[in-house]
Amino acid sequence: MMSKMLTLSAAIALASVLGSGMAGAGTRAKAADRPRLTSTSVSLPTDYEVEYPAGPEAQAMNDNCRACHSPSMVLVQPSLSQADWGKIVHKMIDVYKAPIDPADLPKIMTYLGSLPAAPSPAR
């Protein structure tokens with residue numbers, strides 16, 4: 001978790017440095033026009049050692065997804081269609097280089113498609 005916080009801090013610092021040099025040649029943005037960076041605190045799930053709840057093909061989720069996603073993070077997502085879950089899983093593979101066993105892809109889709117809708121947040 002510490003490495004995630006350091007990565008987030010580094011990204012914010014880099015954005016701040018890059019943002020300060022983004023004004024066009026010969027012009028400078030007024031201080032009021034520049035984005036303001038503020039610190040924030042984020043609570044991350046702490047159940048990385050817990051397995052995904054029993055369900056169709058839960059073992060494929062445990063074998064492939066737990067390395068990056070705790071069960072509580074996945075289980076609070078809104079109800080999505082198989083097609084939408086497919087886009088998300090393929091993004092994990094194509095963009096983030098998730099080492100998902102191709103043989104497990106249909107199993108992961110079955111599990112994700114069987115999840116009930118997460119409760120809506122209170123307003």
- Task: Multiply the residue gap between LYS87 and ASP63 by 0.36 nm, knock off their C-alpha separation, and tell me the result in nm, one decimal place.
- Result: 6.7 nm
- Task: Pop the C-beta distance of MET73 and ARG34 into the FRET formula with R0 = 22 Å and round what comes out to the nearest 0.05.
- Result: 0.10
- Query: What is the gain in length, in nm to one decimal, between SER41 and VAL95 on full extension, counting 0.36 nm per residue of separation less the C-alpha to C-alpha distance?
  - Reply: 16.8 nm
- Query: Under a straight-distance cross-link criterion of Cα-Cα below 17 Å, which aspartates and glutamates are reachable from LYS91, leaving out those fewer than 8 residues away in the same chain?
  - Reply: ASP101, ASP104
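Coordinate-derived values only; no laboratory data. Being a predicted model, the structure only gives us computed values, none of them experimental. Note that each Cβ is placed from the backbone with ideal geometry, even for glycine, and that neighbours are counted across all protein chains shown.
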